[in-house]
Amino acid sequence: MRPHHLLLCLFCAVLIGCNDYSEEDFPVSGPSLHATRPPGPVINEIMFAPRSTTSSAGAEQPEYIEIYNAGPSAIDLSGWRIEDSPSPSGRIYTFEFSEFPSPNHLLGPDEYAVITPEPDRTVTGSRLQQCYPFTAALKGLSVYVDDRKTLSLNNDHDCIRLIDDKGNLVDEVCYDEAWHNPYLRETRGYALEKFSPLLSSSTASSWSTCLDGTCSGTPGKQNSLYLPAHETSRAPNMMTATETFSPNGDGLNDTAVFLLTLPAGAYQMTFTIHDRSGSEICRPADGLPSGPTARLTWDGTTTHGSTAASGSYLARAEIQGTTGPLIFESTIVLAR
C-alpha cells in the first residue's frame, strides 16, 4: 500500500518480539471491522465541532462532511441529498448536491465530495482552503459550498444520512463525541475519520480522531487513519529501520526512528530511552494520543538537553488503548 510497508518487511529482523504476536492474539471486536457493505459512496469524515474563532492555534475551521466513492463506477450526485436528525422543532436540515455550485456532479471511483458552509458560496479563499490549503490542488475533489455560516451539526451527537435520487438510504452515521480518541483532553477542532471506507459507518469502532496537521482533518484526501479493510485487525508491531544511528548533523541517520503499527483503534503512548543500567535518560513521548500508526523518534539527547554518549540504549514503548496494555522494547546503538 505505502512505501513504508516494504521498509517494515526489510527490517523485521531488528525487532524484539516481532514474531510474538498474531492477529488471533489481538482480535478487534465490533461488527464495523468486517467489510460487508457493498462498495459505493460512503460518509468517510466529519468535522462537526470546529474551532469557531480565529486564534494563534490556526485558521478558523468550518464544519464539513466528506463523501468518498469506494465503488468501481462513477455516481451522478444530481438529486442526491444529505439530511441530519430533526431538531427539537422537527426541522430537518437538507443539502441537495445539484442545487449548489460544483464543476459537475459526477463522483468517480476513489474521488471525494466535501460539503462545507460559506455564506458567499465561494471556494477560493474559503475557510476550508485557509485551514486546509492542500484542497486547492487536489484532483478528484468536488467542493460543495452551502450558503450558510454553519451546517448546524450538533457538537455532541447527531445523525447524517446520505440519500440517493430515488430516496434510498445509501449510508448513515449517527456519531457521538465519545467516538473521539479518549486520550485527548479537548476534541473541538478535530475531525472524525473512518479507518477504512468499507467499514460500517454506524459503529463507533469504525471511527476515531484525525490527529494529522494543524487543522486536524484530511478533507478530500486519504484519511490519516486509513488501513485497508483486511488490515484493521493486524498484529501489533514496533519496528526500526536501522540498529545504529549517528546524530552528528550530516543528514544521514541523525535520528533513531521507530514505527508502531497497531490494529484499528485509539491509543495513548509513552516512549522512553534507557541506558545500560536501566535508568531512564529521556522520554520523547509521554501520554501521546495516537491512531493505529505512530512514528516515534529520538535525537540522541537526554531529558536535560545534554548529548547522550555513544553506546547501546533500550527504547521502550508502552501503549494503552484498543488492544489493551502493550510493551515493546528494542535496542538501538548511538555511534558518534
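The values are calculated or read from the model by the stated rules, or taken from the named source; none is laboratory data. Being a predicted model, the structure only gives us computed values, none of them experimental. No Cβ is skipped: glycine too gets one built from the backbone with ideal geometry, and neighbour counts run over all protein chains shown.
Please enumerate the residues belonging to region 125-139 that are assigned to a loop (DSSP other than H, G, I, E, B) and surrounded by 15 or more Cβ atoms within 10 Å (Cβ to Cβ). Within region 125-139, S126, Y132, L138 meet the criteria. Taking (1) without any contact (Cβ under 8 Å) to a residue 40 or more places away in the chain; (2) assigned to a strand (DSSP E or B) in turn, T122 satisfies each apart from (2).
Would you check if there is a residue in region 212-224 being outside any loop (DSSP other than H, G, I, E, B), at pLDDT 95 or above and within 29 Å of P133 (Cα to Cα)?
Within region 212-224, not a single residue is outside any loop (DSSP other than H, G, I, E, B), at pLDDT 95 or above and within 29 Å of P133 (Cα to Cα).
For region 189-211, the set of residues classified as in a loop (DSSP other than H, G, I, E, B) and over 14 Å from C131 (Cβ atoms) consists of F195, S196, P197, L198, L199, S200, S201, S202, T203, L211, listed by residue number. Only a single criterion out of (1) touching a helix residue (DSSP H, G or I) at 6+ places or on another chain (Cβ under 6 Å); (2) without any contact (Cβ under 8 Å) to a residue 60 or more places away in the chain is not satisfied by S196, namely (2).
Of the residues making up region 146-172, those that are of a type outside the set (D, E, K, R), touching a strand residue (DSSP E or B) at 6+ places or on another chain (Cβ under 6 Å) and in contact (Cβ under 8 Å) with a residue 40 or more places away in the chain are T150, L151, C159, I160, L162, I163, V170.
For L288, are the conditions met, namely being closer than 21 Å to A191 by Cβ, in the same structural domain as L192 (by TED's automatic domain parsing) and in contact with a strand residue (DSSP E or B) (Cβ under 8 Å, 6 or more places away or on another chain)?
no
Which residue is surrounded by the most Cβ atoms within 10 Å (Cβ to Cβ), if the candidates are limited to region 288-336 and must be on the phi > 0 side of the Ramachandran plot and not in a strand (DSSP E or B)? Within region 288-336, the match that is surrounded by the most Cβ atoms within 10 Å (Cβ to Cβ) is G300.
Taken over region 59-84, the criterion of being over 19 Å from V173 (Cα atoms), surrounded by 17 or more Cβ atoms within 10 Å (Cβ to Cβ) and of a type in the set (S, T, N, Q) is satisfied by Q61 alone. Would a scan of region 217-228 turn up a residue that is on the phi > 0 side of the Ramachandran plot and in the same structural domain as Y112 (by TED's automatic domain parsing)? The answer is yes, given that some residue of region 217-228 is on the phi > 0 side of the Ramachandran plot and in the same structural domain as Y112 (by TED's automatic domain parsing). Residues that are in contact with a Cys (Cβ under 6 Å, 6 or more places away or on another chain), surrounded by 14 or more Cβ atoms within 10 Å (Cβ to Cβ) and polar (S, T, N, Q) do occur in region 85-106.
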